[in-house]
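What follows is one structure encoded as structure tokens, with my remarks underneath.
The values are calculated or read from the model by the stated rules, or taken from the named source; none is laboratory data. The model shown is predicted, which means the values in this text are computed figures rather than measured ones. Here Cβ is always computed from backbone atoms with ideal geometry, including for glycine, and neighbour counts include all displayed protein chains. When the accessible area is computed, the model is the full protein with side chains, heavy atoms only, and any ligands, DNA or RNA have been set aside. Shrake-Rupley method; radii C 1.70, N 1.55, O 1.52, S 1.80 Å.
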Amino acid sequence: MAEVLVYVDHVDGAVRKPTLELLTLARRIGEPVAVHLGPGADAAATVLGEHGATRVLAADAPEFADYLVVPKVDALQAAAAAVSPVAVLVPSSAEGKEIAARLALRLGSGIITDATDLEAGDEGPVATQSAFAAAFTTRSRVSHGVPVITVKPNSAPVEAAPATGTVEQLQVTFGELATGTKIVSRTPRESTGRPELTEAAIVVSGGRGVNGAENFSIIEALADSLGAAVGASRAAVDAGWYPHTNQVGQTGKSVSPQLYIANGISGAIQHRAGMQTSKTIVAVNKDAEAPIFDLVDYGVVGDLFQVVPQLTEEIKTR
Ligand code: FAD
């Protein structure tokens, strides 16, 4: 059976959820072969094997930790040469997209970014994407070279699928560009205890209707009752009510959770661009004519200052 390379996003061997989602999609088009770079391959291999990786190609070198993405591209290129895959799947993070773009260039391949679904096709894998600020859904395939495809977090379920997950060493020769940009310091972001916005299964967002930084506590309380991440519209961010890192939309982050709850957000096209692929959308807005209601699965016409705390209390009782 044809093999599919899956780039492993991990922290010291702790595999992050988007990679397990990639394994689910990879199994639809072939046998997943995971590429693990950096320390912790043996620990990661257990988890990767439990989710369908037949092999884990592992390489560890200081270059992966000390320099920006080029060493990882060198390694993926080596893996692609060793395996001749039918596709290379990479999580759609900022780093993942840069790796994918550089890899596609190296392989002379077409690339599809931010796919939200993937299926086998007669002429290669077919990816679903949302285009033009989510006004269209497209299905496309790469027509040249080994398809390099980045997939948005939460696009597929994590499924157990026992496979061998055998670790094999990957030989990597670094090119002269590999050490071109050295990482000089890392500043970990202060943890809020909430999930990462782009990976969260549930996102609770607030907009201009929240009417002040101090009122975001009710959005956070609802998020915490659901174990969700907090998002914000640009209006709320520009007003200084919530950090820019939490902005959802065209010029913010693109999210695709199982559940998106928009509170006091009108539903401008630029906001929709970042959340329209969410599986279930709920909005709370006091204006029954707000455009957000055109795309919701469930809408509450009401004052968020009454509705959101009631919802939080109700969820806490369950
Ligand atoms: P508004 O449009 O002002 O809507 C506020 C809503 O809250 C209204 O519908 C109102 O009825 C409701 N409301 C008010 N009070 C209450 C209450 N008490 N209870 C319930 N509902 C209430 N926007 C983004 O979000 N993300 C982006 O990435 C982004 N990028 C952009 C890029 C460009 C180039 C441009 C031009 C714009 C971009 N915008 C983006 C801005 C976008 O056009 C909108 O201005 C913005 O999304 C509006 O935010 P909002 O919905 O919070 O505010």
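Using DSSP to call loops (not H, G, I, E or B), can you name the trypsin sites (Lys or Arg not before Pro) in the range 166-215 whose Cβ has at most 11 other Cβ atoms within 10 angstrom? Write down the numbers at each step before the final one.
Working: sites: K182, R186, R189, R208; in loops: R186, R189.
For trypsin sites (Lys or Arg not before Pro) across the range 166-215 that sit outside H, G, I, E and B with at most 11 neighbouring Cβ atoms in 10 Å, the list reads R186, R189.
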Under the classification rounded if a/c is under 1.5, otherwise prolate if a/b is larger than b/c and oblate if not, where does the range 25-107 fall, given a ≥ b ≥ c as square roots of the Cα gyration tensor eigenvalues?
oblate
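Tell me the GluC sites (Glu not before Pro) within the range 1-76 that lie in a loop according to DSSP and have at most 12 other beta-carbon atoms within 10 Å.
none
Suppose every Lys and Arg Cβ carries +1 and every Asp and Glu Cβ carries -1, with no other charges. What dipole size does the chain come out with about its Cα centre, to the nearest 20 debye?
Details: 24 positive and 35 negative charges, 74 e Å.
In debye, rounded to 20, the chain gives about 360.
Relative to the Cα centre, what is the charge dipole magnitude of the range 1-61, using +1 at the beta carbon of each Lys and Arg, -1 at the beta carbon of each Asp and Glu, and rounding to the nearest 20 debye? List each step's numbers first, then the result.
Working: 5 positive and 8 negative charges, 44 e Å.
That gives the range 1-61 a dipole magnitude of about 220 debye.
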What distance in nm lies between label points placed 7 Å from Cα along the C-beta direction at E50 and D287?
4.8
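If each DSSP helix of 4+ residues adds -39,500 (n - 2.57) and the sum is divided by the residues in the chain, what number results at 222 nm, nearest 500 deg cm²/dmol? Could the numbers behind the result be given before it?
Values: 9 runs with 89 residues, N = 318.
My calculation for the chain gives -8000 deg cm²/dmol from helical runs alone.
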Nearest 10 degrees is fine. How inclined is helix 216-226 to the longest principal axis of the chain, computing both from alpha carbons?
60
Quick one: which residues, 5 or more positions from N263 or on another chain, have an amide H under 5 Å from its amide H? H modelled 1.01 Å from N in the peptide plane, none for Pro or chain starts.
S205, G206, G207, V284
What is the extension gain from A160 to K182, computed as 0.36 nm multiplied by their sequence separation minus the C-alpha to C-alpha distance, in nm to one decimal?
4.2 nm
On the formula 1/(1 + (r/R0)^6), with r taken between the Cβ atoms of A81 and Y298 and R0 of 41 Å, the FRET efficiency rounded to 0.05 is 0.25
With a 1.4 Å probe and every protein chain kept in, tell me what percent of the accessible surface of the range 189-311 is carbon plus sulfur.
48
For the K279, Q306 Cβ pair and Förster radius 22 Å, calculated FRET efficiency rounded to 0.05 is 0.25
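Per 0.36 nm of contour for each residue apart, how much would the distance between E214 and E95 grow if the chain were fully extended, relative to their Cα-Cα spacing?
39.5 nm
Quote the charge dipole size of the range 95-170 about the Cα centre in Debye, to the nearest 20; the model charges only the Cβ of Lys and Arg (+1) and of Asp and Glu (-1).
Once rounded to the nearest 20, the dipole reads 260 debye.
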Would you please name the trypsin sites (Lys or Arg not before Pro) within the range 64-157 that are DSSP coil residues with at most 14 other C-beta atoms within 10 Å of their C-beta?
none
Highest GNM mean-square fluctuation among A127, A236, A81, for the chain with Cα springs under 10 Å, belongs to A81
Antiparallel content of DSSP bridges confined to the chain, in %, to 5
20
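Taking a 27 Å limit on the Cα-Cα distance, which of the listed pairs K17/K286; K72/K279; K17/K97; K17/K279 fall beyond it?
K17/K286; K72/K279
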Stretched out fully, how many nm does the piece from S191 to E314 gain, at 0.36 nm a residue minus the Cα gap?
41.6 nm
Ranking H10, T164, V70 by how far each Cα lies towards the positive end of the charge dipole of the chain (+1 on Lys and Arg Cβ, -1 on Asp and Glu Cβ), the top one is V70
For A239, residues with placed amide H under 5 Å, excluding near neighbours
none
Percent antiparallel among DSSP beta bridges with both residues in the range 1-150, to the nearest 5?
35
In terms of the charge dipole of the range 91-188, which places +1 on Lys and Arg and -1 on Asp and Glu at the beta carbon, the residue among T137, S185, G108 farthest towards the positive end is S185
For the peptides 199-206, 153-160, what is the packing order when you average, over each peptide's residues, the other Cβ atoms within 10 Å and list the highest mean first?
199-206, 153-160
Place +1 on the Cβ of every Lys and Arg and -1 on the Cβ of every Asp and Glu in the range 1-159, take the dipole about the Cα centre, and give the residue among V86, A44, A34 whose Cα lies farthest towards its positive end.
V86
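Computing the accessible area with a 1.4 Å probe over protein heavy atoms, can you report the carbon and sulfur percentage for the range 60-167?
On the way: 2570 of 4830 Å².
The C+S portion of the solvent-accessible surface of the range 60-167 is 53 percent.
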